[in-house]
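Taking it in order: structure first as structure tokens, then the write-up.
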Amino acid sequence: MDFLKFKNKKLYINNIDLKKIVKKRQTPFYLYSLDQIRKNISLVRSSFKNFNPLICYAIKANSNLDVLKELKNNNLGADVVSIGELKLALKAGISHEKIVFSGVGKTYEEIKYAIQKRILSINAESINEIEIIDKISKNLNKKTNIGIRINPDIQAKTNKKIATGNRANKFGISISEFYKIIKNKKKFNNINIYLLSVHIGSQIKDFNVYKKVLTLISKILTKLKKLNHIIDHVDLGGGMGIPYFKNEKKFNFNKFGELVDKFYKKEKIKIIFEIGRFITGNSGVLISKVIYVKKIKDRYFIILDAGMNDMARSAIYEAFHEIIPLVKNSKKFSKKVEFVGPICESSDTFGIYNDFSLLTENDYACITNCGAYGRTLSSNYNMRPFIEEIVFDKNLYKTVRLRQKIEDLI
Ligand code: LLP
């Protein structure tokens, strides 16, 4: 989280003391740094400069409209998985020609809307879906460009809940079924299969698994030529991991870029990515206040006003998000501490620390790396409203989404 620095024991974002921002508003809230997002984009782009892919941001990672507008201004497209995300992408000003639509369960209504909006590609994930796209296109008197997401049966090393490329996962179409579809394509008069997509999972730290994916795609492209079928685009999905722990190994984007460049030189095909976490993950934090410090025999519970409904990753995946105080105390807790939220579940915990800077009630803590799958995974569980979101751009900041009112929940 390069945009956060301690100066004289106080946490700063650029030149502003976070404590000043906190004092004026109700916690918890999310804060995103546009500077950090731009930095991430330029790292991705420079690694990919030789083949200039279309980078579609996976909106499920962060659907804040101001964040999306910034991504659009940086020429990113969007990867959407629902009509809601599609409408949001268009609202952010992202061109229909830069939008791909993934997902195993697109409804009739969603497909119709996507066809009407002439998006770059509806990436179909089953034969049933292809039949429906063809049928709706026929009714609308249109020929629709589509992609097929294959299931490569390649296991990525990541949390099993976010791995998607194994044949036992619900995603994509097996390679053998894919060839059958191509051989029988005459059955579908109103679609043109012009894209191949693959996404093997999220928070992947070792880029070597993508080698397997690229080798497989090269094989498929060779076979397609034999079948006289031309594919114009390859969509390689997302999944590039970020470090959540201090000194954790980083995903080597430069090396990854070299790998994809080799593939590009061989295949001469337009490349698309659907990247979420790597672009916004380290650009967001969740700021929370300590409600109570509760002592039990072996530890202190630091009870925060943020809970698993606001940031679910720790509860769902046991994911680690480093917590730092807004003001460092030279004294430390005498026992271990566990940060927890106010929700009525034992899974509502954000992690245990052995020697943490002393905190007392009404102090603040910052939960890091929440810019992807933070707010988007949040809920109203326990009748708690969605929280405020603030965007930081250089030294200017503003509220971009208000805290939801409890009355609106009732
Ligand atoms: N494309 C498709 C088809 C996807 O399903 C996903 C993520 C992405 C792209 C973007 O993946 P990324 O670059 O962000 O890794 N809630 C989980 C992550 C779920 C990812 C779902 N699909 C978490 O908090 O770790």
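The values are calculated or read from the model by the stated rules, or taken from the named source; none is laboratory data. What you see is a predicted model, and the numbers here were worked out from it, not measured in a lab. Please note: Cβ atoms are built from the backbone with ideal geometry, for glycine as well, and neighbour counts cover all protein chains shown. Ligands, DNA and RNA are stripped out before the accessible areas are found, and what is left, the full protein with its side chains, is counted by its heavy atoms. Shrake-Rupley method; radii C 1.70, N 1.55, O 1.52, S 1.80 Å.
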*asked:* For a quick check of your reading of the model, give me the residue pairs whose first member lies in the stretch 318-331 and is under 21 Å from Thr360 (Cα atoms), whose second is charged (D, E, K, R) and within 16 Å of the ligand (Cβ to nearest atom), with beta-carbon atoms closer than 7 Å and at least 6 apart or on different chains.
replied: His321/Arg313
_I'd like to check something: does the stretch 274-283 contain any residue that is surrounded by 22 or more Cβ atoms within 10 Å (Cβ to Cβ), touching a Gly at 6+ places or on another chain (Cβ under 8 Å) and among the β-branched types (Val, Ile, Thr)?_
yes
*Unmet requirement for Ile16, which otherwise passes all of (1) in contact with a Gly (Cβ under 8 Å, 6 or more places away or on another chain); (2) assigned by TED's automatic domain parsing to the domain that holds Asp305*: (1)
_Name the single residue that is surrounded by the fewest Cβ atoms within 10 Å (Cβ to Cβ) among those in the stretch 175-212 being assigned to a helix (DSSP H, G or I) and within 16 Å of the ligand (Cβ to nearest atom)._
Val209
*asked:* So the check is Cβ under 7 Å with 6+ separation or different chains; which pairs have a first residue in the stretch 151-163 that's under 11 Å from Leu216 (Cβ atoms) and a second one that's in a helix (DSSP H, G or I)?
replied: Pro152/Val213; Pro152/Leu216; Ile154/Val209; Ile154/Lys212; Ile154/Val213
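I'm trying to understand the selection: among the residues of the stretch 116-141, which are within 11 Å of Asn190 (Cα to Cα) and not charged (D, E, K, R)? Can you show your working first?
Of all residues in the stretch 116-141, those within 11 Å of Asn190 (Cα to Cα) come to 130-141.
If the condition is that a residue be within 11 Å of Asn190 (Cα to Cα) and not charged (D, E, K, R), then Ile130, Ile132, Ile133, Ile136, Ser137, Asn139, Leu140, Asn141 are the ones that fit.
Might you check whether a residue that is assigned to a loop (DSSP other than H, G, I, E, B) and modelled with pLDDT under 95 occurs anywhere in the stretch 378-387? Give the steps one after another, and end with the answer.
Step one: of the stretch 378-387, the residues assigned to a loop (DSSP other than H, G, I, E, B) are 378-380, 384-387.
From the residues that got through so far, the ones that are modelled with pLDDT under 95 too are none.
No, the conditions are met nowhere in the stretch 378-387.
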_Hey, Ser42 part of a loop (DSSP other than H, G, I, E, B), among the hydroxyl-bearing types (Ser, Thr, Tyr) and assigned by TED's automatic domain parsing to the domain that holds Leu236 or not_ = no
*Do you know which residues across the stretch 213-238 are open to solvent by less than 10 Å² (accessible area, probe 1.4 Å) and not hydrophobic (A, V, I, L, M, F, W, C)?*
Asp235, Gly237, Gly238
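For the stretch 373-381, indicate whether the set of residues that are farther than 28 Å from Leu68 by Cα, surrounded by fewer than 18 Cβ atoms within 10 Å (Cβ to Cβ) and either among the small types (Gly, Ala, Ser) or assigned by TED's automatic domain parsing to the domain that holds Phe245 (or both) is non-empty. Before you say what the answer is, go through the steps one by one.
Keep residues of the stretch 373-381 that are farther than 28 Å from Leu68 by Cα, which gives none.
No, the conditions are met nowhere in the stretch 373-381.
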_For the structure I just gave you, tell me whether Glu322 is closer than 16 Å to Phe245 by Cβ, surrounded by 14 or more Cβ atoms within 10 Å (Cβ to Cβ), at pLDDT 95 or above and not polar (S, T, N, Q)._
yes
*Considering only the stretch 164-184, state which residues are modelled with pLDDT of 95 or more and either of a type in the set (Ser, Thr, Tyr) or closer than 18 Å to Thr222 by Cβ (or both).*
Ser174, Ile175, Ser176, Phe178, Tyr179, Lys180, Ile181, Ile182, Lys183
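Quick one: count up the residues across the stretch 61-114 that are of a type in the set (Gly, Ala, Ser) and more than 16 Å from the ligand (Cβ to nearest atom).
Pass one, the stretch 61-114, residues of a type in the set (Gly, Ala, Ser): 61, 63, 77-78, 82, 84, 89, 92-93, 95, 102-103, 105, 114.
Still in the running and more than 16 Å from the ligand (Cβ to nearest atom): 92-93, 95.
Total meeting the criteria: 3.
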